[in-house]
Each structure stands twice: as structure tokens, then as C-alpha cells.
Amino acid sequence: MVIHMLNVGKIEEGFVLDHIPAGKAMYLYRHLGLDRRDCPVAIIKNARSNAMGKKDILKVECPVGTLDLDALAFIDHNITVNVIRDGEIIEKKKLDLPKQLVDIIRCNNPRCITSVEHELPHIFYLADESRQIYRCRYCDVKYDERDGEEFPLG
């Protein structure tokens, strides 16, 4: 039996996003805007995991304050965020669902003020944490992820 080891270099400053459900790394890559940034990113798909069976991992080398943790928590709050400085993990963050989302998702209600007043920020609040339901701050319409083709706004 031959075991192949994968060696992905150490990063000096940035994040390691761990416990991503298998197959979801590319979704996160696009929706966190990493495809539009000039920073090194390593995507590890289908890594073995005792807890999950298989998982994906993203390693992002960028300044620590530049990753939108609210967007990440909205996408999947079960992901672990390892914060890296000087090549070492300085913090492990468990994400909570954000109480409010600003310019992360859009209101698709044609009667919402945001469909007329384009400069207004799209603000959603967490209406039901157990069912992960967000509602528009202006018109109270529930966000439906099936309408989320344009996610994220940025």
C-alpha cells in the first residue's frame, strides 16, 4: 500500500478555514471573493476527517482583518477559522450566525425600498436563529437562499 502525502506550505499571516463540508470549498472560494483577490489560496478537497468522514480546507494568506467573517458565518457557521500570524495559529474561532448582515445578500422583493433606492445598504436581521431565517430590515421579507443567485453583493 502506497500512502501519498500532500504537502501544502505554511502561511505567515492569514486564515485556515477548517471543517468545511466536503465539496463546498469552491463555493466558499467564490462567495468570499477570493477569486478576485491577489493572495495565495490553497484549496484542499476531500481531506480525511475523523469527525466528518471527508472535509475541505482553505488556506488563505492575506492580512488578518480582510476576511468577512459575517459572510463566512452566514454561509456555514460550523466552519472553524484558524487565525495565523508569524506562521503560528494565534486564535481558533468558532463562528456564530451574525445577528445582522449588511451588503452580503439582496432583498428580492420588488416592492422593497432597496429596489428603488439603490444606494441603500441591503440589511438583513436574524429573525429565527434555530431555523437560520433572515429578514430584510426594510420590508421584513424572508431571505430565501434559492433567490440568492447574486450572493454576495461585493
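Points to keep in mind about this one:
- Among the GluC sites (Glu not before Pro) found in the stretch 1-104, those both in a DSSP coil and sparsely packed, with 11 or fewer other Cβ atoms within 10 Å of their Cβ, are Glu12.
- Stretching Arg85 away from Glu119 to a fully extended chain increases their span by 8.6 nm, per 0.36 nm per residue minus the current alpha-carbon distance.
- Overall form of the chain: prolate. Here a/c, set by the Cα gyration tensor axes a ≥ b ≥ c, is 1.5 or more, and a/b is the larger of a/b and b/c.
- You can think of it this way: the chain between Ala127 and Glu12 has 37.5 nm of extra reach, that is 0.36 nm per residue less the Cα-Cα gap.
- Here the sum of -39500 (n - 2.57) over DSSP H runs of 4 or more residues, divided by the residues of the chain, equals -2500 deg cm²/dmol at 222 nm, to the nearest 500.
- Between the exposed loop cleavage positions of the chain, defined as trypsin sites (Lys or Arg not before Pro) in a non-H, G, I, E, B DSSP state with at most 15 neighbouring beta-carbon atoms within 10 angstrom, the longest gap is 38-98.
Values quoted throughout were computed directly from the atomic coordinates according to the rules given, and no laboratory measurement underlies them. Predicted model only: the values in this text are computed from it and were never measured. Reconstructed Cβ throughout: ideal geometry from the backbone, glycine too, with neighbour counts over all protein chains shown.
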